[in-house]
Amino acid sequence: MSLRVPPGQDAAEATELLTAHLRAAAPWGARVEVAQIGEGQPFRADTESPAYASMAAAMRVAYPDEEMQTAGMGGSIPLCNALAQLYPEAEILLIGLSEPEAQIHAVNESVSPQELERLSLAEAVFLINYADSKR
């Protein structure tokens, strides 16, 4: 079982709570054994950074008829925290492609070619915008 922990929650505390719940909900006297293999604290992206502003501008180019929205997803991605500690000046953006029919992580997962095209445009415009902001 994998536990994704949202920002603001401690991973160790979340693990303890899940373990207690599993033990309390075990049916018919079943025993629950938990062996924790790893742990990573949740990551929260900085939505006030110049990189974020550059990506927002790029999204407006790629999606001119839609307003950009921000959604907290994914929860814990320990690599991001490790990178942030190693490179405190780095700006980390997590970008994923999803649309209602994508069925992310399903056996029949798919991605719209139009969405791939738009996100490719957004990333290209982002790179130009961000490079310009650093000059």
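Read-outs: derived from the displayed coordinates by stated rules, not from any lab. Remember, it's a predicted structure, so these values are computed and weren't measured experimentally. So basically every Cβ, Gly included, is an ideal-geometry build from the backbone, and we count neighbours across all protein chains shown.
Entry for the range 43-133 at q = 0.12, 0.14, 0.25 Å⁻¹: log10 I(q)/I(0) = -0.44, -0.60, -1.33, Debye formula applied to identical alpha-carbon scatterers, no solvent contribution. Sequentially through the range 122-135, phi angles give Karplus couplings (6.51, -1.76, 1.60; θ = phi - 60°) of 4, 5, 5, 5, 4, 4, 5, 4, 5, 4, 5, 5, 8, 7 Hz, Gly and Pro residues having no value and appearing as x. Whole-Hz Karplus values for the range 20-31 come out as 4, 5, 4, 5, 5, 9, 5, x, 6, x, 4, 8 Hz, taken residue by residue from phi with 6.51 cos²θ - 1.76 cosθ + 1.60 and θ = phi - 60°; glycine and proline positions read x.
Of the GluC sites (Glu not before Pro) found in the range 43-135, those that fall in a DSSP loop while having at most 13 other beta-carbon atoms within 10 Å are GLU48, GLU66, GLU67, GLU89, GLU101, GLU109. For trypsin sites (Lys or Arg not before Pro), the sites in the range 1-88 that DSSP calls loop and that have at most 11 other Cβ atoms within 10 Å are ARG31. The length gained on full extension between GLU109 and ALA71, counted as 0.36 nm times the residue separation minus their Cα-Cα distance, comes to 11.6 nm.
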